[in-house]
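Okay, so here's the structure we're looking at.
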Amino acid sequence: MPQEKSIYTSPLVERNASPEMAELFGPQRKFSTWRRLWLELARAEKKLGLDIKQGQIDQMARHLDDIDFKKAARYEQELRHDVMAHIRTFGDAAPKAAGIIHLGATSCYVTDNTDLILMRDGLKLIAGKVAAVTDLLGKFAAEYRAVPTLSFTHYQPAQLTTVGKRATLWAYEFAMDLEEIEHRIAMLPLRGVKGVTGTQASFLELFDGNHAKVKRLDKMVAEAFGFKKVCAVTGQTYQRKIDTTVVNTLALVAQSAHKVCNDLRLLANLKEMEEPFEKYQVGSSAMPYKRNPMRCERATGLSRLVLSLATSPPMTASEQWFERTLDDSSNRRVVLAEAFLAVDGILQILSNVFDGLVVYPKVIEAHVAAELPFMASENILMAAVKAGGHRQELHEKIRLHAQAASAEVKRFGRPNDLINRLRTDVSFAKIDFAKVLDPMAYVGRAPQQVDEFLRTIVDPIRRRYKKELGRKVELKV
């Protein structure tokens, strides 16, 4: 038997995902959910008139979590069927109920319904963490609502914005993701009790042709697990398109994370902002001075994984034959769990980063000061015209001065001296340059947009997810 440290284990669990998400997709939760599905099926069948004794129900209920995994593995090795292996194992633990466990059901009753239950619960965990990330960005936006900074289009300096306004762009991405997650949770159905190929024939036989009882059975099991909806029809499996919608929803979070982390990596290069850097953290084994944005790099790497995983469910859905084929199973065992684990890990990283973002206002001011003379040229032109100048003549003078100043910057690496050039030009002698060069004159409604965004978008999220906010996240590595 290989030693524990010689066997591959998933970095998603060891390095990234939270314990609660790793547990959600672990074997204990999976197979105890199978047992709960068998229990609720038996309870509903008993209530609807089948000859199932309360003692059988009680014995099943006492053994939902004490799973003998070694015994189940031996059964599966013998039977080559995981569901039958766990039926036998459950029956050994609850022998009075052994004859009625899985009565009328097919394997997909437990496998598919469990997948839907776990995805529903996983989405709820993700929703809380997306809300927490949005809250942190909201706090950051409020703090820096009126700090002017260069905005960029095409990664070239554009007009001014504020540090806080830029943070609202990041936060809005996650707020939109949260809306989609909440929609997905609300729309997610349980497969329900549909039988071998979705016709419910076995249950119709059990209830002597009583269609009303069969339909009621379907709803009773769904309600027991908190689902308001069941699939209207299924084959043996629920429509694999549902997996596509869930993983696509997770991929939205990955898109948002990738975008914001790329922005932060670029800002780190500009030395305007940085992710947290701990006292004893090493940036590079070779270059002691480096402060690499390793958290954001890690998040972008995981985001790419999720985006690649999102291509698999639609292929699986399109490959299903008639009522079902089994080439979906091995794929889904990997894709569904890893998509959730990866997004959970991404959100863990983002919470840690956003809770400790470092801003360097003086660097930001210097960058603004270097570009503002060019941006202010139109306002300078208007002020000079108001002072009695000729618009076309003034425009030409500014153009020539701006080109000369640009050459000083680009060709010789010297500071932008446009304002000094204009100050020495008699055509602009009446200009109040201090007023014209106030950065706040160029940020538009950015501070007010921050306030409005927090009030209309972030505050409602904070109210809905009050219990999920404010938790400190310590990364595993």
The stretch 3-59 - residue that is modelled with pLDDT under 95 and among the basic types (Lys, Arg) and, of those, surrounded by the most Cβ atoms within 10 Å (Cβ to Cβ)
Arg15
Gln239 vs (1) in a helix (DSSP H, G or I); (2) under 27 Å from His102 (Cα atoms): all pass except (1)
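Results for (1) outside the structural domain of Lys259 (by TED's automatic domain parsing); (2) buried (at least 22 other Cβ atoms within 10 Å of the Cβ); (3) touching a residue at least 40 places away in the same chain (Cβ under 8 Å), shown as yes or no for each residue.
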{"residue": "Asn331", "(1), (2), (3)": "no, no, no"}
{"residue": "Val335", "(1), (2), (3)": "no, no, yes"}
{"residue": "Leu341", "(1), (2), (3)": "no, yes, yes"}
{"residue": "Ile349", "(1), (2), (3)": "no, yes, yes"}
{"residue": "Asn352", "(1), (2), (3)": "no, no, yes"}
{"residue": "Ala366", "(1), (2), (3)": "yes, no, no"}
{"residue": "Glu371", "(1), (2), (3)": "yes, no, yes"}
Looking at Thr162, Thr149, which is the one that is among the β-branched types (Val, Ile, Thr), outside the structural domain of Ala85 (by TED's automatic domain parsing) and in contact with a His (Cβ under 8 Å, 6 or more places away or on another chain)?
Thr149
Output yes when any residue across the stretch 122-138 is closer than 30 Å to Ala369 by Cα, over 16 Å from the mean Cα position of the chain (by Cα) and not hydroxyl-bearing (Ser, Thr, Tyr), and no when none is.
yes
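Determine which member of the set Ala94, Ala85, Ala98 is of a type in the set (A, V, I, L, M) and closer than 19 Å to Arg29 by Cβ. Break it down into steps so the answer makes sense when it comes.
On the way: Ala94 fails: closer than 19 Å to Arg29 by Cβ; Ala98 fails: closer than 19 Å to Arg29 by Cβ.
The conditions single out Ala85.
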Quick one: Ala131 ticks every box in (1) of a type in the set (Gly, Ala, Ser); (2) out of contact with any Leu (no Cβ under 7 Å at 6 or more places or on another chain); (3) surrounded by 22 or more Cβ atoms within 10 Å (Cβ to Cβ) bar one, so which box is it?
(2)
Just the residues that are charged (D, E, K, R), more than 16 Å from Val13 (Cβ to Cβ) and in contact with a Ser or Thr (Cβ under 9 Å, 6 or more places away or on another chain), please, taken from the stretch 303-347.
Glu319, Glu323, Arg324, Asp327, Asp328, Arg332
Every residue from the stretch 102-114 that is in contact with a Leu (Cβ under 9 Å, 6 or more places away or on another chain) and either under 23 Å from Lys70 (Cα atoms) or of a type in the set (Phe, Trp, Tyr) (or both):
His102, Tyr109, Val110, Thr114
Take the conditions under 30 Å from Leu267 (Cβ atoms) and among the small types (Gly, Ala, Ser) and apply them to Ala212. Does it pass?
no
Run down Thr249, Thr234 and say which single residue is within 30 Å of the chain's Cα centre (by Cα), outside any loop (DSSP other than H, G, I, E, B) and among the β-branched types (Val, Ile, Thr).
Thr249
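The values are calculated or read from the model by the stated rules, or taken from the named source; none is laboratory data. On a predicted model such as this, the values are computed, not experimentally measured, just so you know. Because the Cβ atoms are built from the backbone with ideal geometry, glycine has one as well, and the counts that use them run over all protein chains shown.
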